[in-house]
Amino acid sequence: MIELRAVSKDYNGHRVIDTVSLKVETGERVALFGPSGCGKSTVLHLIAGLVIPDAGDILIDGEFVATAHKNLREPQERGIGLVFQDLALWPHMTVSENIAFGLRAKGIPQAEREERVREMVGLVRLGDYLNARPAELSGGQQQRVALARALALRPRIVLMDEPLSTLDEELNLQLRQEILRLHGELKFTLVYVTHSRDEAAALATRIVYFRQGRLDTTPRTGRTA
Ligand code: ADP
């Protein structure tokens, strides 16, 4: 479970996250939905440990991982996989090397790395592309490599920040199905940032609405998203 307790974050004296409290249950798929600039990405960065809160506490599975002005667990110790728009694949590495990168950094032995890479390319259906470089792949295939790379370390939590927003509609719809299928197989907790109501409704079991750095709890009865 992920828990934010009254978390705030300021940038340049401006409060961009304002006393946000939020719980995400283990295995849940939550979409953070709201207009551009309302603080969704900052919430993901706080959970990941890439940004430190100015107030409040963040807990993962009951353990305090961050408190005001302090990370208590470094990002790599949090069991989190990231699929961010700006975390591009390494262009000089093959598909297999890209997926193995985090495993190597964690010191996982070669035989196990190879086994995990095989498993992951199978899961994202890129078995024929192990030795291809990102430039040789379509946008959708590249995004599947990014998914495989994030999932290879078997994270408990996967944070996705607008991962499909650059894809055309058909690929976007395909990749949504891929993400749902991977979630069904691997059962991670998913927090998914999007400004697309449609994407939020398709992917999430629960939608959390954001507005200007705060949770927007306006009742939405009768709406699907
Ligand atoms: P969203 O993901 O909803 O588009 P963000 O979390 O990216 O929103 O940004 C929320 C606010 O915080 C915006 O006003 C943005 O300009 C500001 N912000 C985000 N990151 C930084 C940063 N590293 N430095 C300064 N301001 C930032």
Task: Hits in the range 12-24 (condition: within 14 Å of the ligand (Cβ to nearest atom) and either outside any strand (DSSP E or B) or without any contact (Cβ under 8 Å) to a residue 24 or more places away in the chain (or both)) - done: 12, 13, 14
TODO: Count, please, the residues in the range 170-196 that happen to be open to solvent by 20 Å² or more (accessible area, probe 1.4 Å) and either within 14 Å of the ligand (Cβ to nearest atom) or not in a helix (DSSP H, G or I) (or both).
DONE: 3
Open item on the list: Among (1) small (Gly, Ala, Ser); (2) away from the ligand (no atom under 16 Å from the Cβ); (3) open to solvent by less than 20 Å² (accessible area, probe 1.4 Å), there is one condition residue 39 misses while meeting the rest; what is its number?
Closed with: (2)
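What helices (runs of 4 or more DSSP H) lie completely within the range 25-127 and have 2 or more residues being touching a residue at least 40 places away in the same chain (Cβ under 8 Å) and basic (Lys, Arg)? Steps first, answer last, please.
Numbers: elements: 40-48, 95-105, 110-123.
Once the helices (runs of 4 or more DSSP H) in the range 25-127 are filtered for at least 2 residues that are touching a residue at least 40 places away in the same chain (Cβ under 8 Å) and basic (Lys, Arg), nothing remains.
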Open item on the list: Return the residues of the range 16-28 that are surrounded by fewer than 22 Cβ atoms within 10 Å (Cβ to Cβ) and in contact with a helix residue (DSSP H, G or I) (Cβ under 6 Å, 6 or more places away or on another chain); say none if nothing qualifies.
Closed with: 16
TODO: Identify the single condition in (1) open to solvent by 80 Å² or more (accessible area, probe 1.4 Å); (2) at positive phi; (3) away from the ligand (no atom under 14 Å from the Cβ) that residue 76 does not satisfy, given that it satisfies every other one.
DONE: (2)
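The values are calculated or read from the model by the stated rules, or taken from the named source; none is laboratory data. The structure presented is a predicted model; accordingly, all values stated were derived computationally and were not measured. We place every Cβ from the backbone using ideal geometry, glycine too, and count neighbours over all the protein chains shown. Areas reflect the complete protein model, heavy atoms only, side chains present, ligands, DNA and RNA absent. Shrake-Rupley method; radii C 1.70, N 1.55, O 1.52, S 1.80 Å.
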